[in-house]
Amino acid sequence: MRFDYFFRRAKESGIEDAEVFVTSSTSLSFSLFHSEIDQFSMNDSVSVLARGIVNGKFGAASCDVWNKEKADYLIAEILRNAAVIENDDPQFIFEGSPRYRKAGLDSTGLANVSIEEKKAKLFALEAAIRDYDERISEVESVSYREVSSSTTLVNSKGLRLTQKGGYYYYYGSAVAKSGQQVKTGGELFLDNDFSRFNPAELAKQVAENALSKLGGEACESKTYTAVLSPEVVSMLLSSYIQSADAEEIQKKSSLFMGKLDDKVASSKVTVEDRPLEKTVFARSFDDEGVATFNKPIIRAGKLKTYLYNLTTAHKDGTVSTGNASRGLGKIGVEPVCLFMKPGKMTQEELFQKVGTGVYITEITGLHAGMNRQSGNFSLQSGGFLIKDGKKDRPLDMITVSGNLMKLFMDIREVGCDVRLFPSAVSCPSVIVKRLKVAGK
């Protein structure tokens with residue numbers, strides 16, 4: 001794409017500095033129901049976000065195609081939006097970092113795998129789930145999706161950056177039935193190397209997830225020592241690390257306010273943001289064009305940094321951490337990919353260490369059941385009892401409650417069963433000393 005016309009017209013229109021952020025993507029997706037393709041789509045899409053500074057105010061606009069007419073439209077919208085902005089925060093168009101490190105993995109190999117081969121693996125997944133156990137009454141859904149994307153940032157200060165990425169996933173869900181009880185379970189495999197996918201392995205995970213819930217009932221209401229599964233840890237950790245957003249600190253609405261270099265978690269807990277790790281989430285620059293870098297957020301329980309974009313960094317007299325995340329008009333902050341440092345104990349060894357307790361494998365209602373300002377939560381949950389150091393009967397219709405800060409301070413042990421989730425969180429199971437469970 002050429003951008004000369006846009007920047008020339010922007011300058012002529014009184015826009016002091018301007019920026020264009022273009023994301024183009026190609027996607028393929030299909031799904032099966034009862035061994036027949038019930039959905040198939042191939043799409044190419046382009047998203048253009050433009051910003052400009054007018055009299056110290058940012059205006060923003062977007063469109064889904066790039067040409068001269070759209071360039072004129074974007075300029076007019078920037079001018080119109082800037083005229084009504086009341087926010088006095090300083091605004092920046094970034095001139096560029098001294099160095100950008102290569103990040104990400106090549107996903108172009110997906111294009112060399114035929115659609116028929118991708119379909120064949122999906123049929124194999126469905127068959128393997130259906131045939132896994134006679135109690136599997138229905139293969140509820142199996143689906144495939146792949147995305148290849150390219151992001152380009154160009155601005156009036158001469159900065160031009162491009163990065164590419166891509167991934168694919170297979171997903172399956174099954175219905176298990178025993179007597180009158182019916183349970184559903186699902187699992188997802190996410191990667192960018194097609195050779196790593198094994199339909200039989202994912203089918204086993206899907207079926208076992210559903211089957212393991214059969215026979216579940218509530219446990220006695222009390223405080224338990226708990227093992228939290230990697231999936232549960234990933235969801236709670238994502239919510240917890242939102243407190244490291246410097247804007248929330250500046251608004252005095254964060255759990256981490258005034259706690260830099262203080263203990264905010266157990267000494268067993270180390271959490272890093274790793275945008276340069278070789279995952280499908282890797283990226284070399286953030287949404288303002290600042291170079292990304294790997295950084296500890298919490299090290300051995302102590303808070304080591306807040307996460308900044310250019311505006312919040314300027315307010316605190318520091319530099320951006322390369323965590324700017326773009327919405328229409330507003331630049332927020334997000335970690336790129338969170339990594340919780342694993343320990344050495346297997347999940348079975350965690351159960352042995354707990355002896356008697358609960359194993360929480362799922363939580364729901366995080367948005368409604370979590371108070372971000374106080375950290376208090378009450379969430380519908382499921383899992384298993386732990387008895388004599390082993391996973392015992394399934395639990396159903398239970399609620400776990402507590403406080404995020406206290407929960408992370410109460411982590412007694414960290415396992416080695418690391419999983420990477422689509423939420424861009426890599427983490428293992430953990431033992432929590434005390435967790436309130438409401439059952440019967």
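Which of rounded, prolate, oblate describes segment 49-156, given a ≥ b ≥ c as roots of the alpha-carbon gyration tensor eigenvalues and a/c under 1.5 marking rounded, otherwise prolate only if a/b is larger than b/c?
Prolate, since a/c reaches 1.5 and a/b exceeds b/c.
Once both labels are modelled 7 Å past Cα along the beta-carbon direction, what's the HIS314-THR346 spacing in nm?
Reported label-point gap for HIS314 and THR346 is 5.5 nm.
Put one equal scatterer on each alpha carbon of segment 297-358, apply the Debye formula with no solvent term, and list log10 I(q)/I(0) at q = 0.17, 0.28, 0.29 1/Å to two decimals.
Rounded to two decimals, the profile gives -0.72, -1.17, -1.18.
What list of ³J(HN,Hα) couplings, whole Hz, do you get for segment 19-32 from phi and the Karplus terms 6.51, -1.76, 1.60, once you set θ to phi - 60° and write x for glycine and proline?
Once rounded to whole Hz, the list reads 8, 10, 10, 10, 10, 10, 9, 10, 10, 9, 8, 7, 9, 10.
Figure the gain on full extension for HIS367 and VAL175 (residue separation times 0.36 nm, minus the Cα-Cα span) and round it to one decimal in nm.
The span from HIS367 to VAL175 would gain 66.5 nm if fully extended.
Starting from segment 280-334, pick out the chymotrypsin sites (Phe, Trp or Tyr not before Pro) whose DSSP state is loop and whose Cβ has at most 13 other Cβ atoms within 10 Å.
none
Using the Karplus curve 6.51 cos²θ - 1.76 cosθ + 1.60 with θ = phi - 60°, work out ³J(HN,Hα) for each residue of segment 177-193 in order, rounded to whole Hz, and write x for Gly and Pro.
These are the phi-based 3J(HN,Hα) values: 9, 9, x, 8, 8, 10, 10, 10, x, x, 8, 10, 10, 10, 6, 10, 10 Hz.
Looking at this model, which pairs from LYS344/LYS433; LYS164/LYS302; LYS222/LYS263 are more than 30 angstrom apart at the alpha-carbon?
Too far apart for the 30 Å limit: LYS164/LYS302.
Equivalent-ellipsoid semi-axes (√(5λ), Cα gyration tensor) for segment 274-321, whole Å, largest first?
Calculated on Cα positions only, the semi-axes equal 19, 17, 6 Å.
What ranking, highest mean first, results for peptides 72-78, 118-124, 30-36 when packing means the other Cβ atoms within 10 Å averaged over each residue?
Top to bottom by mean Cβ count within 10 Å: 72-78, 118-124, 30-36.
Test of understanding: express the Cα radius of gyration of segment 4-210 as a ratio to 2.2 N^0.38 Å, with N the residue count.
1.43
Roughly speaking, what is the centre-to-centre gap between segment 396-440 and segment 163-239 when only Cα atoms are used, to the nearest Å?
Computed from Cα coordinates, the inter-centre distance equals 15 Å.
Which ³J(HN,Hα) values in Hz, rounded to whole numbers, follow from the phi angles of segment 381-394 under the Karplus curve 6.51 cos²θ - 1.76 cosθ + 1.60, where θ = phi - 60° and Gly and Pro get x?
Computed from phi, the couplings for segment 381-394 are 9, x, x, 8, 6, 10, 9, 6, x, 9, 5, 10, 5, x Hz.
How long, wide and thick is the chain, going by the Cα atoms along their three principal axes, in whole angstroms, largest first?
Principal-axis extents of the chain (Cα, largest first): 74, 55, 35 Å.
Using a cut-off of 20 Å between alpha-carbon atoms, which lysines can reach LYS119, once sequence neighbours fewer than 8 places away in the same chain are excluded?
Partners within reach: LYS204.
List the aspartates and glutamates whose Cα sits under 18 Å from the Cα of LYS295, skipping any in the same chain fewer than 8 residues away.
In chain and number order, the partners are ASP245, ASP261, ASP262, GLU272, ASP273, GLU277, ASP286, ASP287, GLU334.
How big is the C-alpha Rg of segment 242-340 next to the rule-of-thumb value 2.2 N^0.38 Å, as a ratio?
1.03
Taken together, the values in this text are just the output of simple stated rules run on the coordinates, not laboratory data. For clarity, every value in this text was computed on a predicted model and none was experimentally measured. Using ideal geometry, Cβ is built from the backbone for each residue, glycine included, and neighbour counts are taken over all protein chains shown.
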